[in-house]
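Here is the structure we will look at.
What follows is calculated from the coordinates using simple rules that are stated; it is not laboratory data. Since this is a predicted model, take the numbers as computed values, not measurements. As a convention, Cβ positions derive from the backbone with ideal geometry for all residues, glycine included, and neighbour counts pool all protein chains shown.
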Amino acid sequence: MKRNLVLGVSGGIAVYKALEIVSLLKKKDINVDVIMTESATKFVTPLSFQSLSQNMVTYDMFAEPKAWEIQHISLAEKADLFLVAPATANIIGKIANGIADDMLSTTIMATKAKVIFAPAMNTNMYDNPIVQDNIKKLKSFGYEFIEPAEGRLACGTTGKGKLESPEVIVDRVLMELNDKKDLVNKNVVVTAGPTIAPVDPVRFITNRSTGKMGYAIAKEARNRGANVTLISGPTSIEVPKNINIVKVSTNEEMKKAIMEVYDHADIVIKSAAVADYKPKNYSTQKIKKGDNDLCIEFTRDSDILMELGEKKDKQILVGFAAESQDLKENAISKLQRKNLDYIVANDITANDTGFASEDNKVIVLSKSGKEIYLDKMSKEKIASNLFDIILEKR
């Protein structure tokens, strides 16, 4: 079922970022209705929001209605979630003090949906005791806030007050709008990304994993209400909010991190591409280029997944098999040898899925013999389907 978000846009230079918020939400198949304050229309036209949202934009409380309904009431009731971004000191102050004198403030007053403010303003304004008191007051009433970021502001000053990035704001919206809350009070551990095997202080061996699949799994678990620990090798992905992140580099560091939380875990999903081998001898000094070829002898590193399978008690243990040949056969062998409950097999030779791609195509195999084929789809949808399978909802 499509979810409905009402986006309130108040006047400030950060209004242009709200356009990207709408665009990102539409890509996630969320219906967006936009309400603009009069001052917001001075920065960006309603037509821009209308084009992106594919809905009429409301900004004039006394405009002739397009349908026979009281508009602020209908939007208030339609909202599954109400987001105000950017939220100026003015709109925060209005709501905190019960003022409803335009379409946005009136609709916020009328809604029973959760309301989240994403403030954006000058640093001194944000730090003003009156503004902070208004924020504190709203929080006491159950309104929620996405803290502004720090950096250079449009006015030229540097400090806290920048609207948080559209990606972070949309991630929070997706967390709130997820109607599956079947992992509440469950502890989920996810590993993601590559590990490295150092050769010398300068060089190391690694692989092509970007961590996108693991991060998508961690976010999905969080969105379903789980307490999530994400153990991540080196990636360029922004750390998700409301997730306990543990950053590691080597096989040894990842093993240590996961063993520390394993006993308390309910579900463990090992999607990281962990190095199987490491140099037998690490050079403490940079290896200088010479006239001859360089030969490095490798030795086997820890098989973390095998050790987790041997130690498994109450945990549901899920592994990944990235294969270039005999996909299903190799995955089944790994499933059985390592005492897994499920394994996710993907073909790394595919050009349009897998490493660095936004999409994936996998087979989920269970120890009971089930085989579920997930055709090409986003890694977020793969993650959602994976938890449905683990929780036996498909």
*Could you list, in their original order, any pairs among Lys94/Lys219; Lys42/Lys162; Lys280/Lys361; Lys26/Lys247; Lys28/Lys94; Lys328/Lys376 whose Cα atoms are separated by more than 26 Å?*
Lys94/Lys219; Lys280/Lys361; Lys26/Lys247; Lys28/Lys94
*Any idea what the dipole of the chain comes to, in debye rounded to 20, about its Cα centre with Lys/Arg Cβ at +1 and Asp/Glu Cβ at -1?*
420
*Ranking Lys367, Lys186 by Cβ neighbours within 10 Å, fewest first, what do you get?*
Lys367, Lys186
*Once amide H atoms are built 1.01 Å from N in the peptide plane, which residues 5 or more positions from Ala87, or in another chain, come under 5 Å H to H?*
Ala118, Ala120
*Quick one: Kirkwood hydrodynamic radius for the chain, alpha-carbon pairs, angstrom, one decimal?*
23.6
*asked:* At a 10 Å Cβ-Cβ cut-off, how would you order Thr229, Thr107, fewest neighbours first?
replied: Thr229, Thr107
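Please report the relative contact order for the stretch 4-177, taking Cα pairs under 8 Å with a sequence separation of at least 6, and give it as a percent rounded to a whole number. Before the final figure, lay out the partial values.
Numbers: 337 pairs, mean separation 41.1, N = 174.
Averaging sequence separation for qualifying contacts and normalising by length gives 24 percent for the stretch 4-177.
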*For the stretch 173-184, 3J(HN,Hα) per residue [Karplus equation, 6.51 cos²θ - 1.76 cosθ + 1.60, θ = phi - 60°, Hz, x = Gly/Pro]*: 4, 4, 5, 6, 7, 5, 8, 9, 10, 8, 10, 4
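I need the peptides 250-263, 5-18 ranked by packing, meaning the mean over residues of other C-beta atoms within 10 angstrom, with the highest value on top.
For the peptides 250-263, 5-18, the packing ranking is 5-18, 250-263.
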*Which of the listed residues, Val173, Tyr282, Ile348, is farthest toward the dipole's positive end in the chain, when Lys, Arg count +1 and Asp, Glu count -1 at the beta-carbon?*
Tyr282
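Please arrange Val318, Val364, Val44, Val202 by counting, for each residue, the other beta carbons lying within 10 Å of its beta carbon, fewest first. Don't jump to the answer; show the numbers that get you there.
Working: Val318 25, Val364 22, Val44 17, Val202 10.
With the sparsest Cβ surroundings first, the list reads Val202, Val44, Val364, Val318.
So how strong a dipole does the stretch 4-177 carry about its Cα centre when Lys and Arg Cβ are +1 and Asp and Glu Cβ are -1, to the nearest 20 debye? Could the numbers behind the result be given before it?
On the way: 17 positive and 20 negative charges, 53 e Å.
It works out to roughly 260 debye.
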*So what is the relative contact order for the stretch 189-306, in percent, with contacts set as C-alpha pairs under 8 Å and at least six apart?*
34
_Whole-angstrom gap from the stretch 219-237 to the stretch 71-121, using each part's C-alpha centre_ = 31
*Just tell me which aspartates and glutamates come within less than 19 Å, Cα to Cα, of Lys311; anything on the same chain fewer than 8 places away is out.*
Glu252, Glu253, Glu260, Asp263, Asp266, Asp301, Asp303, Asp341
_Can you tally the net charge around Ile231? Count Lys and Arg as +1, Asp and Glu as -1, for every other residue whose Cβ sits under 13 Å from the Cβ of Ile231._
+1
*Enumerate the calculated ³J(HN,Hα) couplings along the stretch 8-21 in order (Karplus 6.51 cos²θ - 1.76 cosθ + 1.60, θ = phi - 60°), each rounded to whole Hz, writing x wherever the residue is Gly or Pro.*
x, 10, 9, x, x, 4, 6, 4, 4, 5, 5, 4, 5, 4
*Quick one: which residues, 5+ away or cross-chain, put their amide H under 5 Å from the amide H of Tyr59? H built at 1.01 Å from N.*
Met36
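Given Cβ point charges of +1 (Lys, Arg) and -1 (Asp, Glu) and nothing else, what value in debye, to the nearest 20, does the dipole of the stretch 187-390 about its Cα centre take? Can you show the working numbers first?
Working: 30 positive and 29 negative charges, 70 e Å.
Dipole size: approximately 340 debye.
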*Residues with amide H under 5 Å from that of Glu164, placed H, sequence gap 5 or more*: Ala149
_Suppose a student asked you for the relative contact order of the stretch 244-394, using Cα pairs under 8 Å spaced at least 6 residues apart; what percent would you report?_
15
*³J(HN,Hα) across the stretch 142-153 via Karplus (A = 6.51, B = -1.76, C = 1.60, θ = phi - 60°), whole Hz, x for Gly/Pro?*
x, 6, 10, 9, 9, 4, x, 8, 9, x, 7, 9
*Hey, if you put +1 on the Cβ of every Lys and Arg and -1 on every Asp and Glu Cβ in the chain, which of Ala331, Ala197, Ser384 ends up farthest toward the positive end of that dipole?*
Ala197
